Amino acid sequence: MTAQVPAAGTPGQPVVAVVGGGVSGLAAAFLLRDAGVAVTVLEGSPRLGGKLAVSEVGGSQVDAGAEALLARRPEGTGLIDAVGLSGGLVRPGTTSAGIWTRGQIRPLPRRQFMGVPADLEDLAATGIVSVEGLARATEDLTQPAAAAAGDQSVTSRVGGRLGLEVVDRLVEPLLGGVYAGRCEDLSFEATLPALAQAARERKSMIAAAAALLPPAGGAPTPGAPAAVFTTLAAGLGSLPAALAARSGATVRTSAMVRELARTPAGWRLTVGSAHAPEALDADAVIIAVPARPAGRLLAQVSGGNVAATALAEIKYASMAIVTLAYPESAFTQPPAGSGFLVPAVDRRAVKAVTYSTNKWPHLRQSSPGLHIVRCSVGRLGEDAILQRDDGELAALAAADLGAATGVRGAPVDVRVTRWGGGLPQYSVGHLDRVATIRAGVSLLPGVAVCGAAYDGVGIPACIASARLAADQVLAYLETRAPAGAGRREMR
Ligand SMILES: Cc1cc2nc3c(=O)[nH]c(=O)nc-3n(C[C@H](O)[C@H](O)[C@H](O)COP(=O)(O)OP(=O)(O)OC[C@H]3O[C@@H](n4cnc5c(N)ncnc54)[C@H](O)[C@@H]3O)c2cc1C
């Protein structure tokens with residue numbers, strides 16, 4: 001028998017169910033806090049936060065998932081401010097990253113946009129690409145304009161102008177840091193929308209990248225935040241609990257939503273295990289889970305198939321974060337900068353390394369005498385490496401770190417965090433797929449979707465999608481409200 005979950009809120013108050021307690025679902029719940037609706041968040045796992053989580057390594061609370069928040073978009077810092085945590089925001093100690101390729105860690109070119117060079121002399125000085133690679137990149141300046149050909153892969157669009165070496169050694173490591181994906185698969189339009197727009201207006205890709213950067217040697221743009229990234233001193237993983245607490249929502253963990261069905265009045269969600277299911281009736285539903293579970297729920301609803309089919313086409317990459325704490329004495333030379341990226345063509349186990357105690361100086365206070373180093377392992381299609389056990393993964397990461405930096409000896413603390421299906425892939429055709437999903441969902445009254453699968457994987461983009469979903473369900477509930485009973489504006 002299915003037990004009925006008691007409705008939250010006061011009798012007659014519209015009920016909004018939020019499926020998924022990652023940052024997207026919790027942001028949606030928080031944004032609905034003053035809207036006069038009763039919100040219940042249903043998180044399937046025992047822990048809130050999804051890809052946001054902190055764990056202790058070397059005496060510090062460090063992020064095991066997302067660790068850096070883009071400060072140049074307002075949604076992340078704005079939400080942190082609204083939750084009352086802005087006092088915990090900290091600035092990076094350094095943002096100068098390198099690329100480990102062609103035998104050494106080389107500085108990233110200063111003038112590049114997601115690896116697309118804006119200045120070839122600057123690129124040449126780094127030694128990241130060979131003389132031949134540089135000569136091929138120069139052809140961009142003289143080639144005729146590319147013919148319009150719809151969405152293409154990053155390899156096809158950027159490589160077509162600048163050659164494969166620039167893609168393999170520069171663009172792929174930077175995009176790989178965001179999507180753990182492959183440039184021959186990722187959509188140019190979806191992953192680099194600003195560059196795609198700038199490239200439509202210019203013949204040269206180098207000129208398009210330059211147009212997106214502040215002038216060389218010029219003053220910073222007035223009003224722009226001083227640092228590109230920020231984080232919370234307690235870790236970005238501390239945000240979910242604060243959002244949950246201040247949303248005023250009923251928040252349940254270990255509450256997996258297994259079924260979604262229409263009822264005459266709205267929606268019924270079946271929650272929990274097959275032998276002890278519970279039902280929650282809601283007037284509106286925000287689905288804030290990754291593409292696959294979202295598709296599974298929508299496929300059960302008549303009219304939900306179009307969205308479900310497009311959702312099933314979104315692939316996910318799995319990865320692991322190996323966090324290592326070394327005594328300072330293990331490094332003959334203190335690690336410089338914020339870390340380095342590793343091109344897939346160089347076939348190393350690690351794809352990115354962050355010197356966390358350099359990048360976030362507050363960690364030095366909680367871990368005196370230690371360097372905390374965060375290694376990211378695994379890209380789309382590299383699942384074999386992730387089948388190794390934690391000890392082997394940590395040894396592989398430590399071996400690569402030793403080869404790159406000369407660090408010696410065993411770390412004093414290690415933490416391996418696995419993110420199966422961690423990052424959605426914005427493959428060629430992604431923008432059309434998302435348009436199809438949104439059009440399909442719009443046919444289901446009171447249902448909205450949000451999360452990393454749609455308009456950006458970064459936290460600010462997830463929050464923007466949560467705001468859109470919250471606005472959509474409120475607009476729908478408004479249409480059902482009796483005349484004169486308008487709901488309060490969302491803040
Ligand atoms: C290793 C890693 C590092 C990253 N680094 C950064 C970074 O530095 N900066 C940045 O901006 N972004 C980063 N990202 C991306 C960002 O963290 C994610 O895109 C974002 O947190 C996704 O949030 P979400 O709420 O959309 O999804 P999720 O975090 O995936 O949350 C979805 C939740 O839904 C739950 N769920 C699934 N199915 C059901 C169901 N049927 N019923 C109930 N609950 C369900 C899941 O358990 C999960 O908790 C990183 C991601 C990873 C994996």
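Points to keep in mind about this one:
- Number of the condition not met by residue 294 [criteria: (1) farther than 30 Å from residue 186 by Cα; (2) touching a residue at least 24 places away in the same chain (Cβ under 8 Å)]: (1)
- Failed criterion for residue 135 (all others in (1) in a helix (DSSP H, G or I); (2) among the small types (Gly, Ala, Ser); (3) in contact with a helix residue (DSSP H, G or I) (Cβ under 9 Å, 6 or more places away or on another chain); (4) more than 14 Å from the ligand (Cβ to nearest atom) hold): (3)
- Meets criteria (touching a residue at least 40 places away in the same chain (Cβ under 8 Å), away from the ligand (no atom under 15 Å from the Cβ) and surrounded by 20 or more Cβ atoms within 10 Å (Cβ to Cβ)) for residue 310: yes
- Some residue of region 141-152 being over 21 Å from residue 433 (Cα atoms), part of a helix (DSSP H, G or I) and modelled with pLDDT of 95 or more: yes
- In region 273-293, the residues that are within 14 Å of the ligand (Cβ to nearest atom) and crowded, with 21+ Cβ neighbours inside 10 Å: 280, 282, 285, 286, 287, 288, 289, 290, 291
- Residue within region 398-411 that is crowded, with 16+ Cβ neighbours inside 10 Å, outside any helix (DSSP H, G or I) and on the phi < 0 side of the Ramachandran plot present: yes
- When residue 30 is tested against the conditions (1) away from the ligand (no atom under 12 Å from the Cβ); (2) out of contact with any helix residue (DSSP H, G or I) (no Cβ under 8 Å at 6 or more places or on another chain); (3) in the same structural domain as residue 471 (by TED's automatic domain parsing), the lone failure is (2).
- Contact map, region 61-76: residues that are over 28 Å from residue 415 (Cα atoms) paired with residues that are assigned to a helix (DSSP H, G or I) and more than 8 Å from the ligand (Cβ to nearest atom), Cβ distance under 7 Å, separation 6+ or inter-chain. Pairs shown: 75/463; 75/464.
- Count of region 33-47 residues, restricted to those that are within 16 Å of the ligand (Cβ to nearest atom) and surrounded by fewer than 23 Cβ atoms within 10 Å (Cβ to Cβ), is 4.
- Among residues that are assigned to a loop (DSSP other than H, G, I, E, B) and touching a residue at least 40 places away in the same chain (Cβ under 8 Å), residue 55 is not included.
- Residue count for region 298-334 satisfying the condition of being within 25 Å of residue 391 (Cα to Cα) and modelled with pLDDT of 95 or more: 16.
- Pairs are defined by a Cβ separation below 6 Å, a sequence spacing of at least 6 or placement on different chains, a first member in region 8-32 that is more than 14 Å from residue 465 (Cβ to Cβ), and a second member that is part of a strand (DSSP E or B) and of a type in the set (Ser, Thr, Tyr); the pairs so defined are 8/40; 8/250; 17/40.
- Number of positions in region 69-85 that are within 13 Å of the ligand (Cβ to nearest atom) and out of contact with any Ser or Thr (no Cβ under 6 Å at 6 or more places or on another chain): 7
- Hits in region 419-436 - residues which are surrounded by 16 or more Cβ atoms within 10 Å (Cβ to Cβ), within 14 Å of the ligand (Cβ to nearest atom) and not in a helix (DSSP H, G or I): 419, 422, 423, 424, 425, 426
- Filter result (closer than 17 Å to residue 447 by Cβ, more than 16 Å from the ligand (Cβ to nearest atom) and assigned to a loop (DSSP other than H, G, I, E, B)) within region 1-27: 14
- Qualifying residue in region 238-259 (condition: more than 24 Å from residue 84 (Cβ to Cβ), out of contact with any strand residue (DSSP E or B) (no Cβ under 6 Å at 6 or more places or on another chain) and surrounded by 14 or more Cβ atoms within 10 Å (Cβ to Cβ)): yes
The values are calculated or read from the model by the stated rules, or taken from the named source; none is laboratory data. Every value quoted in this text rests on a predicted model; they were computed, and no experiment measured them. When we count neighbours, we look across all protein chains shown, and the Cβ atoms used for this are built from the backbone with ideal geometry, even at glycine.
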